[in-house]
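**Q** Sharing a structure here in structure tokens format.
The values are calculated or read from the model by the stated rules, or taken from the named source; none is laboratory data. Remember, it's a predicted structure, so these values are computed and weren't measured experimentally. No Cβ is skipped: glycine too gets one built from the backbone with ideal geometry, and neighbour counts run over all protein chains shown. Ligands, DNA and RNA are stripped out before the accessible areas are found, and what is left, the full protein with its side chains, is counted by its heavy atoms. Shrake-Rupley method; radii C 1.70, N 1.55, O 1.52, S 1.80 Å.
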Amino acid sequence: MTFKKFAIYPLLVLLSALLYALILQIQTHFWGNVLIPHEHTFLAGKNNGDPLQFMWFLNWWTYAVEHHLNPLYSNFLWHPTNLSMLWVTSTPLLSFLTWSIQKADGILFTYNLLTVLSPILAATTAFILSFFLTRKWLPAFLGGFFFGFSPYEFENLLVGDVNLSFVFLLPLLVLFALIAPHARRTSNIFLAFLLGVLLSAEFLISTEVFAIFILFSFFSMIVFYTTYKEGKLLVPVFKRAVAGLLVSALILSPLIPSLIHGSVYGGGKVMNTYDAGNDLLSLVIPSSDQLLSFIGDPRSSFTKQLGIGYLGIPAILITLVYASRGWKDRQVQFLTYLMASFVIFSLGATLHLFGLCLSPMPWTIAKHLPLIDYAIPFRFILYFWLVFSVVVAYWLANLSLRSFHDVKRLGLVLLAILLLWPKPLPQNKIIDRPIFSQKIACDLLAPGKTLLSFPWGIAGTIDYDQIVAQMCFKAPEGYYGAVPVPFNKWPLNYLLVQDHYKEVSPIIFHQYLSNFDVGLIVVSKTTKNKNDLEALLTSAGFEKKPDIREDPSVEIFMPPQNFIYKKLSPSEMTSIANYRKTTLRQSVIADNRKKLRKVVEKLGFSSDQRFQSIYTWLLSHHILK
């Protein structure tokens, strides 16, 4: 290979990356937004709790190292529980890689930069994989687009799940596995080591993506063997995969004790796997986040995961045409089997249609697998797009604009891109409240006491406020996805985060404040049902203090001097936990009735008697839980 021929590859990669950046610029700046929001004011995407959570994680690792704390555990949120940072979506690698950027430009700028880079890097590495397979620039470029700008990528970018949107390593991992049969012995050793390094890097970005990628990699090997009926090509790939896993285990070995120490979820999960699959309709109905969506927001009527699961009719047609016209080719069979499998897995353990559970699905087996049962099935659609990007590159590899048939193929691909095109990336203004930025709250807080903020938990900004205050206080609340022990035993979490303060027992809330040494409560004046909250705080023994001159946007409540802090005994905690189970069961039943009523009314049944009979039938047949 001549030097000129070798040098052209990095140039093509750079050109593709720049074009992907231009596409993202068009999706944001062209519609009145900017590629990177104003560094210290605006947040890229929706402010639904996740972005502030990831900013806290980015800040935590560097803060802990700077202050000589063990970064693997933290009790700054959900105090005093010492939570393992490896059991949450803490992205330590991204935190350390952006250390200098955090110091120079702040945590908000750092988060926005990572948000913008994730689709560009994902599309670029998918282009590298497709170009390696086809040696054609345009087909590989279009294929890379489908992976980097898929609904999966954009939805995670939109809601701020950096650990899930930073998936640019996956195409590289596949690429190094594909090189295995063609590599020399010395090259194989180096590539196995490099594979182990990349796997370790993926683990330090997202443990969920790491685990599911390994599971689906071995599943793909099984599909490959059953398709090709031979193992000669598979043996070197399998050997390298095992060698890479061993290297990764060696690199990550210092973290194993923290992993074994225990799960943050305390026996619970972020989401029940039975309810975490894509609705069947989500494959063809665009969400309100697509530019050409023809409906308002269908997710609210039957599923919350519709945006991620959307494939679009053109993408489905491409898959069907590719499979039907080349089915005699084993490679076509292999890729089709993989795409179909990943779509089926993404539907979850139970098939959903219009929000109703219809029948068990293959992913039901996952509930018996350790750790894997924590995975969220609707996210598996990511692996469909990874395979689909390769399929598009193959499908257009011999493209000729002189052929009308090829022009139709290109047109179908462009139509698929058009239907996947998202709406403008929203911006949300983030305000540094003076009570935290000037550390006024920390000056008011007595030594050894904690701070509570309202809105509460995911509905509030306690994690960002803690960053702004330079971690000068600890809080018995937070947002890590799931509520950890012992907080998940209290019957307050759901009511507080939903602003249902009237339904909170003042006695139990008083015990909550006492048990976790709350010495200061900060209430935003924009809090919903603020009058009910003030009544609850007063009845729990806290007193309202005069407004703070430096920050008129908040009100503060503090305990009187004679406030008695009484810790609960184990038997008292058990009784509270039993009360929580009863109230939670009642709230779940009420929520299910609301969801079903919406579906029944859409079908034209509005009679309460008809509704009750349908609801009872679904319960008796275990379709609705």
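**Q** In the stretch 354-435, what trypsin sites (Lys or Arg not before Pro) fall in a loop by DSSP, with at most 13 other Cβ atoms inside 10 Å?
**A** Filter output for the stretch 354-435: Arg402.
**Q** Calculate one ³J(HN,Hα) per residue across the stretch 380-396 by plugging θ = phi - 60° into the Karplus curve 6.51 cos²θ - 1.76 cosθ + 1.60, and present them in order as whole Hz with x for glycine and proline.
**A** Once rounded to whole Hz, the list reads 5, 4, 3, 6, 4, 5, 5, 5, 4, 4, 5, 4, 4, 5, 5, 5, 9.
**Q** Next question, about the same structure. For the stretch 154-245, which GluC sites (Glu not before Pro) are in a loop by DSSP, counting at most 16 other Cβ atoms within 10 Å?
**A** Values: sites: Glu155, Glu202, Glu208, Glu230; in loops: Glu230.
Qualifying residues, ordered by number: Glu230.
**Q** A further question on this structure: How large is the dipole of the stretch 54-173 about the Cα centre if only Lys and Arg carry +1 and Asp and Glu carry -1, each at its Cβ, rounded to the nearest 20 debye? Display every interim value, and only then the final one.
**A** On the way: 3 positive and 5 negative charges, 69 e Å.
Magnitude of the dipole: close to 340 debye.
**Q** With unit charges on the beta carbon (Lys/Arg positive, Asp/Glu negative), name the residue among Leu58, Phe145, Phe42 whose Cα is farthest towards the positive pole of the charge dipole of the stretch 36-168.
**A** Working it through, the farthest residue towards the positive pole turns out to be Phe145.
**Q** As a quick test, which of the pairs Lys502/Lys545; Lys46/Lys545; Lys103/Lys439; Lys449/Lys502; Lys423/Lys525 have an alpha carbon distance above 30 angstrom in this structure? Could you put the intermediate results ahead of the total?
**A** Working: Lys502/Lys545 22 Å; Lys46/Lys545 33 Å; Lys103/Lys439 19 Å; Lys449/Lys502 26 Å; Lys423/Lys525 32 Å.
From Lys502/Lys545; Lys46/Lys545; Lys103/Lys439; Lys449/Lys502; Lys423/Lys525, over 30 Å: Lys46/Lys545; Lys423/Lys525.
**Q** Taking amide hydrogens as modeled 1.01 Å from N in the peptide plane, which residues meet the under 5 Å criterion relative to Val518, leaving out close sequence neighbours?
**A** Thr450
**Q** To continue, here is another question. Put a dot 7 Å past each Cα toward the Cβ at Arg549 and Thr364; how far apart are the dots in nm?
**A** Inter-label distance under the simple model: 6.8 nm.
**Q** Quick one: which residues, 5+ away or cross-chain, put their amide H under 5 Å from the amide H of Asp432? H built at 1.01 Å from N.
**A** Residues meeting the criterion, in which the H sits 1.01 Å from N, do not exist here.
**Q** Want the number for Ser258 to Leu415: 0.36 nm per residue separation, take away the alpha-carbon distance, what's left? Could you put the intermediate results ahead of the total?
**A** Values: separation 157, 0.36 × 157 = 56.52 nm, distance 4.81 nm.
Taking Ser258 through Leu415 to full extension adds about 51.7 nm, to one decimal.
**Q** Please list His510, His368, His67 from largest to smallest accessible area, probe radius 1.4 Å, with all protein chains kept in place.
**A** Descending accessible area places them as His368, His67, His510.
**Q** Using a 1.4 angstrom probe on the protein heavy atoms only, could you order Leu356, Leu94, Leu320 from most to least accessible area?
**A** Values: Leu356 45, Leu94 5, Leu320 105 Å².
Order by accessible area, largest first: Leu320, Leu356, Leu94.
**Q** May I pose another question? On a C-alpha basis, how far is the centre of the stretch 212-262 from the centre of the stretch 377-429 in Å? Whole number, if you could?
**A** Spelled out, the Cα-based centre of one part sits 29 Å from the other.
**Q** Right, something else. Non-local amide H neighbours of Glu543 (under 5 Å, H modeled in plane, Pro and chain starts lacking H): which ones?
**A** It is Met558, by chain and number.
**Q** Given R₀ = 45 Å, FRET efficiency for Tyr73-Trp327 by Cβ-Cβ distance, to 0.05?
**A** Efficiency, rounded to the nearest 0.05: 0.25.
**Q** Additional query: What's the Cα-based Rg to Rh of the stretch 435-547, Rh via Kirkwood? Write out the running numbers ahead of the final one.
**A** On the way: Rg = 13.2 Å, Rh = 14.3 Å.
Rounded to two decimals, Rg over Rh is 0.92.
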